[in-house]
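One structure below.
FYI, it's all coordinate maths here, none of it is from the lab. Not measured: the values here are computed from a predicted model. As a convention, Cβ positions derive from the backbone with ideal geometry for all residues, glycine included, and neighbour counts pool all protein chains shown.
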Amino acid sequence: MIDIKALIAHMYDIVGAIYEVHKELGAGLNEYCYQEGFEMQLQEQQISYQRELAFHPFYHGRPMYAIYRVDFLCKGDVIVECKSVDDLDNNMRAQLFNYMRLLKHPCGIIVNFASKNAKVERYFFDRETNEIIAVDGHVIHQYRH
């Protein structure tokens, strides 16, 4: 069983960095501009990160040729996907959930910078149950084992 409160605390400064970027840049810019601002903010706050982390999914234990890229991997286990769209949709969330599952990382954040106020959604992956869990503790999705 994952400790949601501890994971929320683990992501606190990352979420703060997201809001700082939106406060400075405002709404309506493109995704790449927000990504660059977020990278600069992570550097200023000395939060460890990798940008555009590439990885290969596995099939039957063997790496595939396909390559996925996460926008940011912060603190070694927090995936951050940046968007600048009218509304976040379930396909965008599914992308984050799959990254979390494939990399087996416990924390995921999807942020939409386009609106007047940044919209930040936090999710958790429980490796034991193979479930994606919302901040309030309810199961969003369960993957087969």
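Condition check for Gly28 on (1) surrounded by 11 or more Cβ atoms within 10 Å (Cβ to Cβ); (2) in contact with a strand residue (DSSP E or B) (Cβ under 6 Å, 6 or more places away or on another chain); (3) not in a helix (DSSP H, G or I): one failure, at (2). Listed conditions (1) farther than 19 Å from Tyr143 by Cβ; (2) touching a Gly at 6+ places or on another chain (Cβ under 9 Å) are all met by Leu73, apart from (2). So is Leu88 without any contact (Cβ under 8 Å) to a residue 40 or more places away in the chain, part of a helix (DSSP H, G or I) and surrounded by 15 or more Cβ atoms within 10 Å (Cβ to Cβ) or not? Here the answer is no, as Leu88 does not meet what is asked. A Cβ distance below 7 Å, combined with a sequence gap of six or more or placement on separate chains, defines the contacts here; from segment 128-145, residues that are surrounded by 11 or more Cβ atoms within 10 Å (Cβ to Cβ) reach residues that are small (Gly, Ala, Ser) in the pairs Ile140/Ala134. Against the condition among the acidic types (Asp, Glu) and more than 10 Å from the chain's Cα centre (by Cα), how does Asp89 come out, does it pass? Yes. For segment 94-118, the set of residues classified as in a helix (DSSP H, G or I) and within 9 Å of the chain's Cα centre (by Cα) consists of Leu96, Phe97, Tyr99, Met100, listed by residue number.
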